[in-house]
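Notes to accompany the following structure.
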Amino acid sequence: MAPSNRTSSILAANQAWADLAMLALNLVAWLQLAVPPSGHEASCWDLKRWRYRLFSTAGKIVSGGRQRRLLIHESAPEAQLLFLLQQSIGLLFHRWRHGELAA
């Protein structure tokens, strides 16, 4: 039997895993188009570079006042880009919530 990269021998589980992987890929592609300012180098990164530069940044999740916050040290690599992305996503959400963006 040939080796397989599937995570399970159950077809439904493999289908769910594939659907989640495609959702993550589409989400990153959408973020690349919608969130970084025009001309920023992050808008042309491939998925591997996003994963290594942003998704591997160390942070600490803290809870308080019925809110959860992600703390990232200012000296962390790509910290400024993460802050910029967070602000841009918040602005997009605000515009969507007030009907300025089509659903």
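Here are a few things to note about the model shown:
- For the residues Q80, Q32, Q67, a GNM of the chain with alpha-carbon springs under 10 Å puts the largest fluctuation on Q67.
- A18-D46 FRET efficiency (beta carbon distance; Förster radius 22 Å; 0.05 resolution): 0.65
- Charge dipole of the chain (Cα centre as origin; +1 on each Lys and Arg Cβ, -1 on each Asp and Glu Cβ, all else neutral): 320 debye, rounded to the nearest 20.
- The chain, relative contact order [Cα under 8 Å, separation at least 6], %: 16
- Cα gyration tensor, the range 47-103 - rounded (a/c under 1.5), prolate or oblate: oblate
- Shape class for the range 26-76, computed from the alpha carbon gyration tensor (a ≥ b ≥ c): prolate, with a/c not under 1.5 and a/b above b/c.
- Rounded if a/c under 1.5, otherwise prolate or oblate - the chain, Cα gyration tensor axes: prolate
Read-outs throughout are calculated quantities, based only on the coordinates presented, and are distinct from any laboratory measurement. Computed from a predicted model, the values in this text were never measured in an experiment. Reconstructed Cβ throughout: ideal geometry from the backbone, glycine too, with neighbour counts over all protein chains shown.
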